[in-house]
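S.K.: Have a look at the structure that comes next, please.
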Amino acid sequence: MSVVVVGGGMAGAACASALAGHGIEVTLVDRHDYSQFQPLLYQVASSQLPAEDIARPLRTMFRDRSEVTVVTGEVVAVDVEAKTVTTDAGTVGPADQLVIAAGARPNFFGVPGAAEHAIPLYSVRDAERLRRHLRDRLRGLGSPEGGGALTIVVCGGGATGVEISGALAELLQALRDEGRLAAPASVRLVDLGHALLAPFTDRSHRYALDKLTAMGVEVTFGVAVTSVDAGSATLSDGSSVVTDTVIWAGGISGASLVDLTGIPAGRGGRIDVARDLTVPGHPGVFAVGDVANVPDAAGGTLPQLGSVAQQSGAWAGKNVRAQRDGAALAPFHYHDKGIMAMIGRNTAVAEVGPHRHQLEGPFAFAAWLGLHGVLMSGFHDRVDAVMNWADDYLHHARAADLELEDSVGRIAWADDDADRPDLGPR
Ligand SMILES: Cc1cc2nc3c(=O)[nH]c(=O)nc-3n(C[C@H](O)[C@H](O)[C@H](O)COP(=O)(O)OP(=O)(O)OC[C@H]3O[C@@H](n4cnc5c(N)ncnc54)[C@H](O)[C@@H]3O)c2cc1C
């Protein structure tokens, strides 16, 4: 049997791993030669980790899996009946089964200028772009060329908006303490709703707001960004903020690849799937992770989370094997480990397990680390390297550094230096 898996993120990589070693020929296709670990993107954007540490080459991940062939190329056409995908480098397939794991993309909700001028935080490239932009802005701050005060506007108070706001507030404070801010710099978070971290409980909403406010972040609720240009952001209350730095954490929709499949998009531009993760009406086609509306047992839809992506990817792999063996496909069962967000050093909230047991501060940070250790295990077998890095990050506040190649605070993966991800021009 042969299977094409489109997308080498958490879902696609988990699926390929579940298929490897079972006599199935797997072709894993991604536009990048690496898999990225999105939960640490804000660490890259805020100059706390270099991009290399959260992007792992797919060829390295699957180097001991001879049945898995990695193809690097932008998918430009998908034939779900023939199960072929065409990349800018040629056509892959036909295969017996197709697994779509193409993830998501930022949703700018049609806000004028947002796609052109705001910086999303969805990929390693976005994080690197934001880091370089902030590095240049902060270095030039107060100089005639560099401009005056810097107001960073963060659009959206979900986990991404809260985590990046906290990390940037910490960075600015560290630079201020070292006397390296030549002009005022601040973070302003705006959200159309009335709470931070909406899917969490009220207690966590208050905790996140108190902590971010104490870190100096100005939070405004009930307000949306209505347009963005090169030097300002306009808000729905009619006010305007002078800024050249708008971070878009306003939401996501299914990857643009959905449009190539001919499958009608469901809610959020994602592919609706049955409980067994197959795409109704398209035999032999599965969709998993952020690209799919993955049903839960109660008839709702699971959120776009790493644990959903990883578990659904592995489950699809098991169901592909069942199909090959003539067995019945099993409905996906999600093991809910909870939701969590890291606001800053030792400042986190976690609601653990299906009953949402609440944790704050160092305990929540420990829970965050445990869950992310599990997610990381799909990315690298040296999970201890992440634990060491996290311990170091927590207990040794480092001098603020805007350039990170040789930083001592890196994750010590100890992979072959030659086996680095191709992150494109820097
Ligand atoms: C900033 C941020 C922080 C997050 N933090 C957390 C967290 O703390 N905990 C948690 O559980 N979850 C978190 N998430 C969510 C989690 O990271 C995602 O749910 C998960 O990574 C989705 O995995 P995926 O494999 O479905 O998609 P992705 O990881 O996005 O993988 C999709 C892959 O498909 C490839 N692809 C797409 N289109 C094409 C094409 N046309 N051609 C070729 N390749 C293509 C992409 O290059 C990509 O590698 C976070 C997400 C973000 C953005």
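Matching residues to (1) assigned to a helix (DSSP H, G or I); (2) open to solvent by less than 80 Å² (accessible area, probe 1.4 Å); (3) modelled with pLDDT under 85:
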position	(1), (2), (3)
Q358	no, yes, no
F365	yes, yes, no
A390	yes, yes, yes
Y393	yes, yes, yes
R398	no, no, yes
L402	no, yes, yes
D406	no, no, yes
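S.K.: Hey, another quick one. Picking from A55, A18, which residue would you name as being of a type outside the set (D, E, K, R), surrounded by 24 or more Cβ atoms within 10 Å (Cβ to Cβ) and either within 20 Å of L305 (Cα to Cα) or modelled with pLDDT under 95 (or both)?
M.R.: Only one candidate passes the filter, namely A55.
S.K.: Out of V92, V111, V124, I need the residue that is of a type in the set (A, V, I, L, M), within 16 Å of the ligand (Cβ to nearest atom) and over 16 Å from A51 (Cβ atoms). Which one? Break it down stepwise before answering.
M.R.: Numbers: V111 fails: within 16 Å of the ligand (Cβ to nearest atom); V124 fails: over 16 Å from A51 (Cβ atoms).
Going through V92, V111, V124 in turn, just one is of a type in the set (A, V, I, L, M), within 16 Å of the ligand (Cβ to nearest atom) and over 16 Å from A51 (Cβ atoms): V92.
S.K.: Return only the number of the condition from (1) open to solvent by less than 60 Å² (accessible area, probe 1.4 Å); (2) within 16 Å of the ligand (Cβ to nearest atom); (3) part of a helix (DSSP H, G or I); (4) of a type outside the set (V, I, T) that L212 does not satisfy.
M.R.: It is condition (2) that L212 fails.
S.K.: Only one of these is part of a strand (DSSP E or B), more than 24 Å from the chain's Cα centre (by Cα), farther than 30 Å from D401 by Cβ and in contact (Cβ under 8 Å) with a residue 40 or more places away in the chain: T226, T234. Name it.
M.R.: Going through T226, T234 in turn, just one is part of a strand (DSSP E or B), more than 24 Å from the chain's Cα centre (by Cα), farther than 30 Å from D401 by Cβ and in contact (Cβ under 8 Å) with a residue 40 or more places away in the chain: T226.
S.K.: Pick out the one residue from A149, A159, A174, A182 that is modelled with pLDDT under 95, open to solvent by 10 Å² or more (accessible area, probe 1.4 Å) and in contact with a strand residue (DSSP E or B) (Cβ under 8 Å, 6 or more places away or on another chain).
M.R.: A149
S.K.: Taking the criterion of being in a helix (DSSP H, G or I), more than 17 Å from A400 (Cα to Cα) and among the hydrophobic types (A, V, I, L, M, F, W, C), would at least one residue in segment 156-175 satisfy it? It would help to see each step written out before you state the result.
M.R.: Residues of segment 156-175 in a helix (DSSP H, G or I): 159-175.
Retained after the next criterion (residues that are more than 17 Å from A400 (Cα to Cα)): 159-163.
In the following step, the residues that additionally are among the hydrophobic types (A, V, I, L, M, F, W, C) were identified as 159, 162.
Yes: one or more hits.
S.K.: Restricting to segment 153-170, and then to whatever is of a type in the set (A, V, I, L, M, F, W, C) and away from the ligand (no atom under 16 Å from the Cβ), can you tell me which residue is farthest from T234 (Cα to Cα)? Show your work before the answer.
M.R.: Step one: filter segment 153-170 for residues of a type in the set (A, V, I, L, M, F, W, C), giving 153-155, 159, 162, 164, 167-169.
Restricting the remaining residues to those that are away from the ligand (no atom under 16 Å from the Cβ) gives 153, 169.
Details: V153: 11, A169: 22 Å.
Within segment 153-170, the match that is farthest from T234 (Cα to Cα) is A169.
The values are calculated or read from the model by the stated rules, or taken from the named source; none is laboratory data. Quick caveat, the model's predicted, so the values are computed rather than measured. Every residue, glycine among them, receives a Cβ derived from its backbone with ideal geometry; neighbour counts consider all protein chains shown. For accessibility, only protein heavy atoms count, side chains too; no ligands or nucleic acids. Shrake-Rupley method; radii C 1.70, N 1.55, O 1.52, S 1.80 Å.
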